[in-house]
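Novice: Let me give you the structure first, and then I'll get to my questions.
The values are calculated or read from the model by the stated rules, or taken from the named source; none is laboratory data. Quick caveat: nothing in here was measured; it's all calculated off a predicted structure. All Cβ positions, even for glycine, are placed from backbone atoms using ideal geometry, and neighbour counts span all protein chains on display. Just the protein is used for accessible areas: all its heavy atoms, side chains included, with ligands, DNA and RNA removed. Shrake-Rupley method; radii C 1.70, N 1.55, O 1.52, S 1.80 Å.
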Amino acid sequence: LPSPVLVIRDDALEHNIRLMADYCAARDVSIAPHAKTTMAPLIIDRQMEAGAWGMTAATWRQASILRTHGVRRILIANQVLDPRGVEWIADALVADEELDLYVLADSADGVRRMQEGLRAQGATRTLNMLVEVGIAGKRAGTRTDDDAKAVVQEVQNSPQLQLAGVECFEGVLASDDAVDALLERVLGVAQAVEEMGGFQDVSEIVLSAGGSVYFDRVIASFGQASARLSLPVRTVLRSGCYVTHDSGVYD
């Protein structure tokens, strides 16, 4: 091979995977590592074998690669709007009964487009949706509690969609206080959804966040959820960079 050649030390890779798996297990939280960090099937295999709850994808195309490789629980950490993506989701749900798929919802209009697309494709299984709580001025997510409630109502009106939980991404923030405030908003939205009857058809509520910087803040905040919600709560971290990024930002 011509140089330069990227080399990953096997013992370091194994150490990182095991360390994060043990960290999550000790705190009774789940992890769905973001696959875009490596998009390497052999590394993803190791993460799943170490006990990952599932894998996270940035796009439906990444999700299709994960599914082809055999991953059966996938969280698409964006709202899917393009017709080809909705078509793939519908086809995947019909073709693979073992596929457990989660997609974000951050606008009522986006939810309607998803519903219409699934219905047009003849989808017979419901799709799990997570309400995305956003940050003012950033790229995605509901901006206000009223916006979040509008998304919830739209999902409740759809026979093809099932509200499974609430989600955010805190990694774009720059302080513990800002992160904690966002996570508190997630908990508040989850409480509001439960009061609206949004979780009546699920056995647990999924609360998801966690890049590779503030995952400890996520665990501390979402650890309070069980006292505020009536259903069991599953905290799902989506940290991905831990697997290969050993230095730099962590220093």
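Novice: For Val202, which of the numbered conditions (1) within 28 Å of Gln153 (Cα to Cα); (2) assigned to a helix (DSSP H, G or I); (3) within 17 Å of the chain's Cα centre (by Cα) fails to hold?
Specialist: (2)
Novice: Now, a different point. I'm checking my understanding of the structure. Among residues of region 68-79 that are open to solvent by 10 Å² or more (accessible area, probe 1.4 Å) and touching a helix residue (DSSP H, G or I) at 6+ places or on another chain (Cβ under 6 Å), which one is farthest from Ala32 (Cα to Cα)?
Specialist: Gln79
Novice: While we're here: In region 201-251, what residues are open to solvent by less than 60 Å² (accessible area, probe 1.4 Å) and hydroxyl-bearing (Ser, Thr, Tyr)?
Specialist: Ser208, Ser212, Tyr214, Ser221, Thr235, Ser239, Tyr242, Thr244
Novice: Could you please find all residues in region 112-148 being over 23 Å from Ala192 (Cβ atoms), open to solvent by less than 60 Å² (accessible area, probe 1.4 Å) and not in a loop (DSSP other than H, G, I, E, B)?
Specialist: If the condition is that a residue be over 23 Å from Ala192 (Cβ atoms), open to solvent by less than 60 Å² (accessible area, probe 1.4 Å) and not in a loop (DSSP other than H, G, I, E, B), then Gly117, Leu118 are the ones that fit.
Novice: Still on this structure, I have one more. Does Phe199 count as in contact with a strand residue (DSSP E or B) (Cβ under 7 Å, 6 or more places away or on another chain), of a type in the set (Phe, Trp, Tyr), touching a residue at least 24 places away in the same chain (Cβ under 8 Å) and over 23 Å from Ala58 (Cα atoms)? If you could, list the steps in order and put the result at the bottom.
Specialist: Values: in contact with a strand residue (DSSP E or B) (Cβ under 7 Å, 6 or more places away or on another chain): yes; of a type in the set (Phe, Trp, Tyr): yes; touching a residue at least 24 places away in the same chain (Cβ under 8 Å): yes; over 23 Å from Ala58 (Cα atoms): yes.
It is true that Phe199 is in contact with a strand residue (DSSP E or B) (Cβ under 7 Å, 6 or more places away or on another chain), of a type in the set (Phe, Trp, Tyr), touching a residue at least 24 places away in the same chain (Cβ under 8 Å) and over 23 Å from Ala58 (Cα atoms).
Novice: Further, regarding this structure: Out of (1) open to solvent by less than 80 Å² (accessible area, probe 1.4 Å); (2) in contact (Cβ under 8 Å) with a residue 24 or more places away in the chain; (3) under 16 Å from Thr244 (Cα atoms); (4) part of a helix (DSSP H, G or I), the odd one out for Arg18 is which?
Specialist: Tallying (1) open to solvent by less than 80 Å² (accessible area, probe 1.4 Å); (2) in contact (Cβ under 8 Å) with a residue 24 or more places away in the chain; (3) under 16 Å from Thr244 (Cα atoms); (4) part of a helix (DSSP H, G or I), Arg18 fails exactly one: (1).
Novice: Residue check: is Ala21 closer than 22 Å to Gly171 by Cα and touching a strand residue (DSSP E or B) at 6+ places or on another chain (Cβ under 7 Å)? Steps first, answer last, please.
Specialist: Values: closer than 22 Å to Gly171 by Cα: yes; touching a strand residue (DSSP E or B) at 6+ places or on another chain (Cβ under 7 Å): no.
Answer is no for this residue.
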